[in-house]
């Protein structure tokens, strides 16, 4: 026997169905916009980060000045803390470090680079965690998986112990990836701002950086490893068009 549905019941079912559909769509919208930041929030998280070209940055903390891989810099405030990712000359430059170093400067460097410098040196390897002058620092892996100087010999071998850094400055977690490809360890990175190389040849391409950005738990991506003779700003612009994570291209200072 076929049961008849009362017209009012049909109306109720339709309303419930519409409500459920709206709820699903709303949940989808929340998920899609989860990583988006307002212009004011983006400015807050990036206002103390100064891109000096290539992989070089200056970060102004509360009473502390931090440099990462200073290279071909002209002038700037003296450093309290300098982080060096590896020993290649465009990252570990004694001439540039000398421009910003003073007697109280602490240099944190991957083991392969430490011997290039003098003064207060702290050697690190991937996995190390330390706190220097109130700044929390984590050294994380940085290496190539598909960029080779000769068959089977990567530009940045994993066994060399090269690093990227995660540091917390003014409550903001900043990840400097170092010279690297998109690697599985990035899935464990949680940060507010990720500084990612995009030039290809020695490091990730823009397309690979977009893949990395999707793996990393970050709110904003800043492209690097362009400028000062390396790559092109077009690589940074390309990342901005394809990344699922918001990209901010800083002016080169």
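List of remarks:
- Taking the chain and dividing mean pair separation by its residue count, relative contact order in percent (alpha carbons under 8 Å, at least six apart): 14 percent
- Rounded if a/c under 1.5, otherwise prolate or oblate - segment 111-174, Cα gyration tensor axes: oblate
- For segment 202-253, relative contact order (Cα pairs under 8 Å, six or more residues apart, normalised by length) works out to 44 percent.
- Antiparallel beta bridges, as assigned by DSSP with both residues in segment 38-242, represent about 55 percent of the total such bridges.
- Entry note, the chain: the mean residue ellipticity at 222 nm calculated from DSSP H runs of n ≥ 4, each adding -39500 (n - 2.57), is -8000 deg cm²/dmol after division by the residues and rounding to the nearest 500.
- With Cα atoms, 0 to 90° folded angle of helix 7-33 axis to the chain main axis: 10 degrees
- Nearest-ten-degree value, helix 233-242 long axis tilted from longest Cα axis of the chain: 20 degrees
- Axis of helix 206-215 versus longest Cα principal axis of the chain: the two differ by about 70°, to the nearest ten degrees.
- In units of the compact-protein estimate 2.2 N^0.38 Å, segment 38-242 shows a Cα radius of gyration of 0.94.
Read-outs throughout are calculated quantities, based only on the coordinates presented, and are distinct from any laboratory measurement. This one's a predicted model, so the numbers in the text were calculated from it and none came from an experiment.
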